[in-house]
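Student: Next up is a structure, given as structure tokens.
The values are calculated or read from the model by the stated rules, or taken from the named source; none is laboratory data. Source: prediction; values computed, not measured. Neighbour counts run over all protein chains shown; Cβ positions are idealised from the backbone, glycine included.
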């Protein structure tokens, strides 16, 4: 669906490149996570991919065609869900959606989308009276107005309560299951882990890892099993390698001891993020 | 064309909802009130001021305010990831402000016709509305480019008023020496006044009128091509997550 080859970009006022020759491909029907600390080049890459920035070096291909050859028709096929609210505050939700919907050739019926996101009852309310979570949910409807082939989602669950976050994640999965492709950025690693088929980590304008969450966890995790059991009133912890779990010592421990916890040494995407980018997720350095 | 029509309709919907049309209409009522109390000849003397304030100052301020809201609410970015071009967006701003000014002038001059029996060359007036409004829409867009927030927008607007509009008003009211008029001859403000005042004259100086029209068109084109369009996407997408 998208091919990016040796992409380089420099802002006119900067001395050096913000994007330093990155390569990746996004397959049709894939949810592709794009992760990185602030200032790493994540937003710039997205702006280049949605044609909000031009004058890049390298090659970007969308749906088999050079992106630079596309004009307005490109936007008929993509939907963008911004992180911040993007609605006219003195218009109702329905007036907002009507305005944007009529800019497209393909237009969806917004009622099922509004109903699923719990906004149908408030469709005639001014957006200025919406809560932050409602505005973010409305962004999701805005992104889907034209029945796009590809979605660009920037922190789609940020500011949502667990129930609505679940609804949005289900919608993203349904979109993918219907053949859609998704480019997702998020700092909520649980969501990335849950949704993405593959993730890419960008830092200092370079891609440092591109793989599936599972493969990354295998690569960066430890092939161990940690067991905690109670012995003479105190908790004892023992760590076995994956090769050792077939051995007698491990089997005996399982059979004879009062086991309290068993954990594999699999790492989390959050730990991988910190490891590959060198930046902490909360209060990024 | 359908998209432009839809964008213009959207502009009008927002002019109304954000009370910008109401503000513009209220100013028109002030002119009508003035027209009621003044004799036709006195009101005629006042007309350059009416034209200048409505077509230039109000247009630039309205566009600046519209774009301030669109930038603040990120809706301008949302439009840019729709199948419309930057030019479509700017053209819709021009057309909506032209229509707005036609409505405002329609109300003012129809009132003057019924109250004071005053008539104008409406063809000349209409052309002046098209040319001058287009130019001052560009001024309004530039104003929003250089203003970080609404306070800065108003301050920059005041600077433009003082530098470009007040000298012409000062000469009109006799507060500045009349010979200064020669220096201001090609100021956009004086060109604006001449284009509009041609609609009040029995015999139009066509050579001057055409020169003024060509001047404002060329100046507008330079603004659009070299100042507005190249910076538009940067302006619209600055501080945007995506």
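Student: Mind listing whichever residues of region A:98-119 are within 29 Å of residue B:4 (Cα to Cα), more than 14 Å from chain B (Cβ to nearest Cβ) and in contact with a helix residue (DSSP H, G or I) (Cβ under 6 Å, 6 or more places away or on another chain)?
Tutor: Kept after step one, since they are within 29 Å of residue B:4 (Cα to Cα), are these residues of region A:98-119: A:98-114.
Narrowing further to those that are more than 14 Å from chain B (Cβ to nearest Cβ): A:108-114.
Across region A:98-119, the qualifying residues are A:110, A:113, A:114.
Student: What are the residues in region A:104-143 that are assigned to a loop (DSSP other than H, G, I, E, B) and without any contact (Cβ under 8 Å) to a residue 24 or more places away in the chain, if any? Steps first, answer last, please.
Tutor: Taking region A:104-143 and keeping what is assigned to a loop (DSSP other than H, G, I, E, B), we get A:104-109, A:117-119, A:123-125, A:130-131.
A:109, A:131, listed by residue number.
Student: Before we move on, is residue B:24 touching a helix residue (DSSP H, G or I) at 6+ places or on another chain (Cβ under 9 Å) and modelled with pLDDT of 90 or more? Step through it out loud before you land on a result.
Tutor: Details: touching a helix residue (DSSP H, G or I) at 6+ places or on another chain (Cβ under 9 Å): yes; modelled with pLDDT of 90 or more: no.
No.
Student: Residues being more than 9 Å from chain B (Cβ to nearest Cβ) and assigned to a helix (DSSP H, G or I): count how many of those fall in region A:68-97. Spell out how you get there, then give the answer.
Tutor: Residues of region A:68-97 more than 9 Å from chain B (Cβ to nearest Cβ): A:68-70, A:77, A:92-94, A:97.
Those still in the list that are assigned to a helix (DSSP H, G or I) too: A:68-69, A:93-94, A:97.
Qualifying residue count for the region: 5.
Student: Would you list the strands (runs of 3 or more DSSP E) that sit entirely within region A:182-259 and hold 1 or more residues that are modelled with pLDDT of 90 or more, buried (at least 17 other Cβ atoms within 10 Å of the Cβ) and under 13 Å from the mean Cα position of the chain (by Cα)? Please lay out each step first, then the result.
Tutor: Values: elements: A:198-203, A:206-211, A:224-231, A:234-241.
Hits in region A:182-259: A:198-203.
Student: Just to be sure, is residue B:153 more than 14 Å from the chain's Cα centre (by Cα) and more than 14 Å from chain A (Cβ to nearest Cβ)? Please lay out each step first, then the result.
Tutor: Details: more than 14 Å from the chain's Cα centre (by Cα): yes; more than 14 Å from chain A (Cβ to nearest Cβ): yes.
So residue B:153 passes the test.
Student: For the subset of region A:40-59 comprising residues that are over 17 Å from the mean Cα position of the chain (by Cα) and assigned to a loop (DSSP other than H, G, I, E, B), which member is nearest to the other protein chains (Cβ to nearest Cβ)?
Tutor: Of all residues in region A:40-59, those over 17 Å from the mean Cα position of the chain (by Cα) come to A:48, A:51-59.
Now drop any that are not assigned to a loop (DSSP other than H, G, I, E, B), which leaves A:51-56.
On the way: A:51: 8, A:52: 5, A:53: 8, A:54: 8, A:55: 11, A:56: 14 Å.
Checking each candidate, the answer is A:52.
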